[in-house]
Amino acid sequence: MKTTVRLAPYTDDRGNRIEYTGPAAPETAKVTFRGDNNTVRVHADAHVRKVSVDFNGSNGTFELGANPKKRAFSASVRVGEDSHVRIGDGVSSTSGVIISAVEGVSVEIGDDTMFASQNQVRSDDGHPIFDVRTGKRINLAQSIRIGPHTWLGWGVIVLGGVEIGEGTVVGANSLVTRSLPNNVVAVGQPAKVARTDIAWERPHLGLTEPFYKPDASTVAKTKYWRRTDTSNAPDLPTAAPGPAATRNSTTPNSTTPNNRSRSISALSTTVRAVGPRADKALTRARHRASRLVALCRGRRTS
């Protein structure tokens, strides 16, 4: 039996309920119940523009936090049997986010996360895939956790089994198939870390004064400014030196062999993170690196 209702206080004889005490929600905020004992909890200070929650099975929960700054949030959410979706406080989106959690897993989106457009957060593939020899499933649903103050760029898709650390930025059209640490920039398909030790803030470059923001003095810092935790990922690239290091008179000239080697290493790191043709590009970069280092040392190369 399928029942669709507007976001408002609600209970039925199948144990489904909506807990919401805020102002009247728009007609574009609706909930569909197909099973039993499902629960919706929406904070009274939430700000929804277009949210559709579809409970495909029973014993599911959906939670949406407060949004006192009235940042727009839109989503199409599927909650399957025994599954849970929790969206924290102050989460925003430019267009509707597709979120799916089935087969008893959970999707958790931390406070102050910012979605761009055309984003998906999918714990499952929507349909089962089996090994024909054993009959076993090879694409089981897996939980997802997106940490607070994460920025997912245009077209980013996050797949099951992923955890993204707080303060991280994922570049446009990236596909996140494995976990990412905090305070990094990650890009590519699959997404890989391109830069560590970063922080981002919400003031828009074109809409918020000052219209030039060359350094951190032009924005108010949030609590998410911290170094990347590399303790469990020693091979992550390091942040480039800042202006102070560049101005230091003891810094070797950029044309020295050591500095050229470091620059080539940084280039290789960037190449690894830019997409499916990275392997060929990396091979070419390494060949050029070897020739350049040899030249710097006074050796002839072929």
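The values are calculated or read from the model by the stated rules, or taken from the named source; none is laboratory data. The shown structure was predicted, so the numbers you read here are calculated from the model rather than taken from an experiment. In this analysis, Cβ positions are derived from the backbone assuming ideal geometry, glycine residues included, and neighbour counts consider all displayed protein chains. All accessible areas refer to the heavy atoms of the entire protein, side chains included, with ligands and DNA or RNA removed. Shrake-Rupley method; radii C 1.70, N 1.55, O 1.52, S 1.80 Å.
Can you give the net charge of the other residues whose Cβ lies under 12 Å from the Cβ of residue 219, counting K and R as +1 and D and E as -1?
Summing Lys/Arg as +1 and Asp/Glu as -1 gives 0.
Got a number for the accessible area of residue 28? Probe 1.4 Å, square angstrom, nearest 10.
60
Rounded, prolate or oblate for the stretch 51-140? Axes are the square roots of the Cα gyration tensor eigenvalues, ordered a ≥ b ≥ c, and the cut-off for rounded is a/c under 1.5. Intermediate results must be reported in sequence, preceding the final value.
Details: a/c = 2.88, a/b = 2.06, b/c = 1.40.
Prolate, because a/c is 1.5 or more and a/b exceeds b/c.
For the stretch 97-174, state which trypsin sites (Lys or Arg not before Pro) are in a DSSP loop and have at most 10 other beta carbons lying within 10 Å of their beta carbon.
133, 136
At a 1.4 Å probe radius, which order do 20, 212 fall into by accessible area, largest first?
Working: 20 20, 212 190 Å².
Output order, biggest surface exposure first: 212, 20.
Rounded to the nearest Å, what's the spacing between the alpha carbon centres of the stretch 97-113 and the stretch 116-179? Just the number, please.
Taking the Cα centre of the stretch 116-179 as reference, the centre of the stretch 97-113 is 10 Å away.
Taking the Cα centre as origin and putting +1 on Lys and Arg beta-carbons and -1 on Asp and Glu beta-carbons, what dipole magnitude results for the stretch 41-129, to the nearest 20 debye?
500
What residue among 212, 193, 153 has its Cα farthest toward the positive end of the dipole of the stretch 106-221, where the charges are +1 on Lys, Arg and -1 on Asp, Glu, each on the Cβ?
Of the listed residues, the answer is 193.
Just to confirm, what accessible area per residue do you get for the stretch 133-173 at 1.4 Å probe, in whole Å²?
Counting only protein heavy atoms, the per-residue value for the stretch 133-173 is 45 Å².
Using a 1.4 Å probe and ignoring any ligands, DNA or RNA, find the accessible area of residue 98 and quote it in Å² to the nearest 10.
70
Roughly speaking, to the nearest percent, how much of the stretch 1-58's 1.4 Å accessible area is carbon and sulfur?
About 49 percent, which is the carbon plus sulfur part of the accessible surface.
Provide 47, 127, 149 ordered by accessible surface of protein heavy atoms (probe 1.4 Å), highest first.
127, 47, 149
With a/c under 1.5 counting as rounded, go ahead and sort the stretch 12-69 into rounded, prolate or oblate using the C-alpha gyration tensor (a ≥ b ≥ c being the square roots of the eigenvalues; past the cut-off, prolate if a/b is larger than b/c, else oblate).
Because a/c hits 1.5 or more and a/b exceeds b/c, the stretch 12-69 counts as prolate.
Using a 1.4 angstrom probe on the protein heavy atoms only, could you order 97, 102 from most to least accessible area?
102, 97
What FRET efficiency comes out for the pair residue 212/residue 178, r = Cβ-Cβ distance, R0 = 22 Å, nearest 0.05?
Numbers: r = 36 Å, r/R0 = 1.66.
Computed FRET efficiency for residue 212 and residue 178: 0.05.
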